[in-house]
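The values are calculated or read from the model by the stated rules, or taken from the named source; none is laboratory data. Remember, predicted model here, so these are calculated numbers, not experimental data. Neighbour counts are summed over all protein chains in view; Cβ atoms, including those assigned to glycine, are modelled from backbone coordinates with ideal geometry.
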Amino acid sequence: MKKQPYMPRQQLPYIGWHDNLTTTTDATVPGVTAADVTALASHNAAIHAKKKVSDTANAAAAATKDLNLAIAASQTHARKMVKNVKNADDFDPVQAKKMRIEGPDDTTDLSQAQPVLTVEAQNGGMMQIYFAKPHAEGVHIQCKLDGQADYSLLASATHSPFVDNRPLAVAGKPETRSYRAIYFYGTAEFGLMSAVVVATAIP
């Protein structure tokens, strides 16, 4: 039976997973090198440092971008290391369970998968768009401003929250924005379009 991904796709579960991977991995694990252990610790420290900055009330969009880049770098290293662990001649299923590198059986009907969006307005017209992506690479977020007839693609977001930092159409004037999203993996969209979330961007 097909397995679900072992690596969580949502930000907070992923950070918890990487914390566990860092604490349960050492150079005695077949397929793991001393350099891997050092890299794990370095990536983990970077993630937590950048998340602390990103979580501050006045964090700029650049802080969220820095966090996403740190997460992406840690994912690249973790996938490579996990592949080496699984390909090792003396692969240990018990150790793999401790490291959480074996996903559960996947029984999900992806044709019915539907994102759920949550939108929070920030000062200066900034909007934070939260979503979960348990079976996807990310979501294609579409947006329509009040008075517009059609939705247009805003972003292909792979980490939550996505920050819509476009300026207000009219400086100092609140505006209504409607958001919706659909899952994607690679170049293909799948599942159902989310419900529309309407929010007001504020000066």
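Of note:
- Residues satisfying the stated conditions in the stretch 142-153, i.e. surrounded by fewer than 18 Cβ atoms within 10 Å (Cβ to Cβ), of a type in the set (D, E, K, R) and touching a strand residue (DSSP E or B) at 6+ places or on another chain (Cβ under 6 Å): Asp146
- Selection from the stretch 144-158 of residues that are more than 20 Å from Ala72 (Cα to Cα) and either assigned to a loop (DSSP other than H, G, I, E, B) or in contact (Cβ under 8 Å) with a residue 40 or more places away in the chain (or both): Asp146, Gly147, Gln148, Ala149, Asp150, Tyr151
- For Thr64, the conditions (1) of a type in the set (Ser, Thr, Tyr); (2) free of Cβ contacts under 8 Å to residues at least 40 places away in the same chain; (3) in contact with a strand residue (DSSP E or B) (Cβ under 7 Å, 6 or more places away or on another chain) are fulfilled apart from (2).
- Where Tyr179 falls short, out of the listed (1) under 17 Å from Phe131 (Cα atoms); (2) over 19 Å from the mean Cα position of the chain (by Cα); (3) of a type in the set (Ser, Thr, Tyr): (2)
- Scanning the stretch 181-203 for residues that are under 14 Å from His140 (Cβ atoms) and crowded, with 16+ Cβ neighbours inside 10 Å gives Ala181, Ile182, Tyr183, Phe184, Gly191, Ser194.
- Qualifying residue in the stretch 121-143 (condition: under 19 Å from the mean Cα position of the chain (by Cα) and without any contact (Cβ under 8 Å) to a residue 24 or more places away in the chain): no
- Only listed residue being assigned by TED's automatic domain parsing to the domain that holds Gln122 and either over 25 Å from Asp66 (Cα atoms) or loosely packed, with under 12 Cβ neighbours inside 10 Å (or both), chosen from Ser178, Ser156, Ser160: Ser178
- Breaking point among (1) modelled with pLDDT of 95 or more; (2) in a helix (DSSP H, G or I); (3) buried (at least 17 other Cβ atoms within 10 Å of the Cβ), for Thr76: (3)
- Pro5 meets each of the listed conditions (1) outside any helix (DSSP H, G or I); (2) crowded, with 16+ Cβ neighbours inside 10 Å; (3) not polar (S, T, N, Q) apart from (2).
- Hey, Lys86 surrounded by fewer than 16 Cβ atoms within 10 Å (Cβ to Cβ) and in contact with a helix residue (DSSP H, G or I) (Cβ under 6 Å, 6 or more places away or on another chain) or not: no
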